[in-house]
Amino acid sequence: MATYTMKEAKPAPSTSKGLLFWLRENLFSDIKNSLLTLVGLYFLYTIIPPLLNWMIFDATWSGTKDEVVKEGARWIFIVEKFDQFIYGFYPESLHWRPNLVALICIAFLLSMKFVKNINIKIALILLFPVVCFVLISGGGFGLEVVETEKWGGLMLTVLVAAVGIIASFPIGIILALGRQSHMPIVKTLCVGFIEFVRGVPLITILFMASVVLPLFFSDGIDFDKLLRALIGITLFQAAYIAEVVRGGLQAIPRGQYEASESLGLSYWQGMILVILPQALKISIPNLVGSFISLFKDTTLVLIIGLFDILAMVTLTNSDTNWLGYEVEGYVFVTMIYWVICFTMSQYSKSIERKFNTEH
Amino acid sequence: MSEHEFMITMQDVNKWYGDFHVLKDVNLNIKKGEKLVICGPSGSGKSTTIRCLNHLEKFQEGKISINGTDLIEDVKVVRHIRSQVGMVFQHFNLFPHLSVLENLLLAPTWVHNKPRKEAIETAMYYLERVKIADQAHKYPNQLSGGQQQRVAIARCLCINPEIMLFDEPTSALDPEMVSEVLEVMVELAEEGITMICVTHEMGFAKKVADRVIFMDAGQIIEENEPHEFFDNPQSDRLKLFLDQILSH
């Protein structure tokens, strides 16, 4: 017979940690890996310095366009047209209104984080879109009306994306639940809608919304063009959300449904309190992916004559005083899109971490 | 004894999955406070039987009545019955996105409309009963299997049920943790709640059960009080079954 005593845990040997170890392990573990590392480094060397030179060191940041002497980017174009990129044709004297809305958005997001009282939260959630809408469109509280034709630029891009995301979310969830329903008519309607919309490009839906839809209404009723685009985008996005949420719902084990039923929870209680919180949590990466692609797709509204930020860049490039500044314009838009999309994806990661209960 | 004195009656219950006949003329009467253990090989319909009692499974023929209420396809009736029947599952089925305490509060606050403060008091009382009150603010996945199953039992007790159904409550547990769950179940049994337990824990059956039932192929093959059941099985099928589960 043999007995053994418990051993103390020892620290790992020093050869298996530290910077040198990391370099050897990850970049130079064998000849093939070392070669790839060197090729990669050379590639970065040929790309990055010229890019930095063009964008920063040789760039022109101020002055008029006749004074440009350096080779790099002429950011004076962006500086000159900045207001148009951001606000479109929104009257300059009223730019404070979208600015205020942007501040309200930030305050709203912060308040969602820090306000604990659920009643105040609901009140804020209901109040927020109304305040934003009144501020931007005017027509109440002594605010001058600004027609939607004048809305444009980044403001329009963000607005279309935000409305599309917020409005499509509940519709998408209801469609996903409908698709799982045992009631044949509900199920058929939901499946039909989802499959139809997913089988059609967004452009088609926007065209339908702007050209075909008015044919169904008598002459007196004239929907706002932006509103029609928003409805089209919302329905389009809802179909995709529905499929993402369905994926989440299918990942929830049967036992969760049974446990909530056996405790006496009704269908809606079980869904809202037990199933959806879990299903949506699993779906966060895909939901955000779908929101990001919607954000980029909003640029298609230029097809029906709305001027989002990309359309504004194209438009300002045809200004005869400012010909030949396409590169600067499009690089600027690219960076704006990238910053916003990257922020969204980082935000989604932080929510995922927050909801993670499997420590 | 008239039908109304039974807590549960099942009369000629038949159930099919498609063409497969899962339950064949199941008849069962259970008195208030009775402890019943159901055992049998897998696929014998024992889980299906108790799942019919709170309408997790539908049955096509026969009649089930719980505490005087006939179980029919009606949302209100089903909810009324479920509010009297607690069910403990093999895989615990705790809600992983809610803390232990929130798991216990869900049904009392949303189904039974109890004020939250009162519900918390009740929840903490039952958590203490299952000896796990110190874990109230953890999430289910941070607990061991045995602890999770005890939380699941406490969750059922919070709705103050007349009947507790246990569907193989210890089958998914590590061997070390079986006894802590059985201990809670024994204590519960001593308090006089009506209990139906699908289990292969024969020690538990001998200690607690008033009656043991053996099912095979969707039928009740044999029923007896526990000592006779184990020491003097009548049917060949049960003898074989007992041989197999007790031989090692």
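Count, please, the residues in the range B:104-124 that happen to be facing chain A (nearest Cβ under 9 Å) and part of a helix (DSSP H, G or I). Number of matching residues: 3. The residue of the range B:17-47 that is surrounded by the fewest Cβ atoms within 10 Å (Cβ to Cβ), among those that are among the hydroxyl-bearing types (Ser, Thr, Tyr) and closer than 22 Å to B:Leu182 by Cα, is B:Ser42.
Which residues, counting only those in the range B:56-80, are within 9 Å of chain A (Cβ to nearest Cβ) and either more than 13 Å from the chain's Cα centre (by Cα) or in a strand (DSSP E or B) (or both)? It would help to see each step written out before you state the result.
Within the range B:56-80, the first condition is being within 9 Å of chain A (Cβ to nearest Cβ), and the residues that meet it are B:56, B:75, B:78-80.
Result: B:Val75, B:Val78, B:Arg79, B:His80.
Does B:Lys58 count as surrounded by fewer than 15 Cβ atoms within 10 Å (Cβ to Cβ), out of contact with any His (no Cβ under 7 Å at 6 or more places or on another chain) and closer than 18 Å to B:Ser83 by Cα? Yes: the conditions hold for B:Lys58. Inside the range B:125-161, residues that are among the hydroxyl-bearing types (Ser, Thr, Tyr), within 13 Å of chain A (Cβ to nearest Cβ) and surrounded by fewer than 18 Cβ atoms within 10 Å (Cβ to Cβ) make up a count of 0. When residues in the range A:18-33 are screened for being of a type outside the set (D, E, K, R), out of contact with any helix residue (DSSP H, G or I) (no Cβ under 7 Å at 6 or more places or on another chain) and assigned to a helix (DSSP H, G or I), 7 of them pass.
Scanning the range A:251-280 for residues that are assigned to a helix (DSSP H, G or I) and within 7 Å of chain B (Cβ to nearest Cβ) returns A:Gly255, A:Gln256, A:Glu258, A:Ala259, A:Glu261, A:Ser262, A:Gln269, A:Leu273, A:Val274, A:Pro277, A:Gln278.
Look at the range B:162-213 and say how many of its residues are in a helix (DSSP H, G or I) and either crowded, with 19+ Cβ neighbours inside 10 Å or more than 14 Å from the chain's Cα centre (by Cα) (or both). Step through it out loud before you land on a result.
From the range B:162-213, those in a helix (DSSP H, G or I) are B:175-190, B:202-208; that's our starting set.
Retained after the next criterion (residues that are either crowded, with 19+ Cβ neighbours inside 10 Å or more than 14 Å from the chain's Cα centre (by Cα) (or both)): B:175-185, B:187-190, B:202-208.
Within the range B:162-213, residues that are in a helix (DSSP H, G or I) and either crowded, with 19+ Cβ neighbours inside 10 Å or more than 14 Å from the chain's Cα centre (by Cα) (or both) number 22.
Only one of A:Phe169, A:Phe196 is at pLDDT 90 or above, aromatic (Phe, Trp, Tyr) and buried (at least 16 other Cβ atoms within 10 Å of the Cβ); which? I'd like the intermediate steps shown before the answer.
Numbers: A:Phe196 fails: buried (at least 16 other Cβ atoms within 10 Å of the Cβ).
None of the other options fit; the residue is A:Phe169.
When we screen A:Gln250, A:Gln256, A:Gln269, A:Gln278 for residues that are open to solvent by 60 Å² or more (accessible area, probe 1.4 Å), closer than 30 Å to B:Val85 by Cα and polar (S, T, N, Q), the only hit is A:Gln250. Has the range B:61-74 got at least one residue that is of a type outside the set (D, E, K, R) and touching a Gly at 6+ places or on another chain (Cβ under 7 Å)? Scanning the range B:61-74 turns up no residue that is of a type outside the set (D, E, K, R) and touching a Gly at 6+ places or on another chain (Cβ under 7 Å). Taken together, the residues in the range B:83-97 that are surrounded by fewer than 22 Cβ atoms within 10 Å (Cβ to Cβ) and more than 8 Å from chain A (Cβ to nearest Cβ) amount to 2.
Table: residues versus (1) touching a residue at least 12 places away in the same chain (Cβ under 8 Å); (2) outside the structural domain of A:Ala279 (by TED's automatic domain parsing); (3) in contact with a strand residue (DSSP E or B) (Cβ under 8 Å, 6 or more places away or on another chain); (4) at negative phi.
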residue: A:Pro129; (1), (2), (3), (4): yes, yes, no, yes
residue: A:Ile136; (1), (2), (3), (4): yes, yes, yes, yes
residue: A:Leu159; (1), (2), (3), (4): yes, no, yes, yes
residue: A:Phe169; (1), (2), (3), (4): yes, no, no, yes
residue: A:Leu177; (1), (2), (3), (4): yes, no, no, yes
residue: A:Met183; (1), (2), (3), (4): no, no, no, yes
residue: A:Leu189; (1), (2), (3), (4): no, no, no, yes
residue: A:Phe193; (1), (2), (3), (4): yes, no, no, yes
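For the range A:296-310, enumerate the residues that are open to solvent by 10 Å² or more (accessible area, probe 1.4 Å) and not hydroxyl-bearing (Ser, Thr, Tyr). The answer is A:Lys296, A:Asp297, A:Leu300, A:Leu302, A:Ile303, A:Ile304, A:Gly305, A:Phe307, A:Leu310.
The values are calculated or read from the model by the stated rules, or taken from the named source; none is laboratory data. Computed from a prediction, not measured in an experiment: that's the story for all the values here. Using ideal geometry, Cβ is built from the backbone for each residue, glycine included, and neighbour counts are taken over all protein chains shown. The area values use the complete protein model at the heavy-atom level, side chains included, leaving out ligands, DNA and RNA. Shrake-Rupley method; radii C 1.70, N 1.55, O 1.52, S 1.80 Å.
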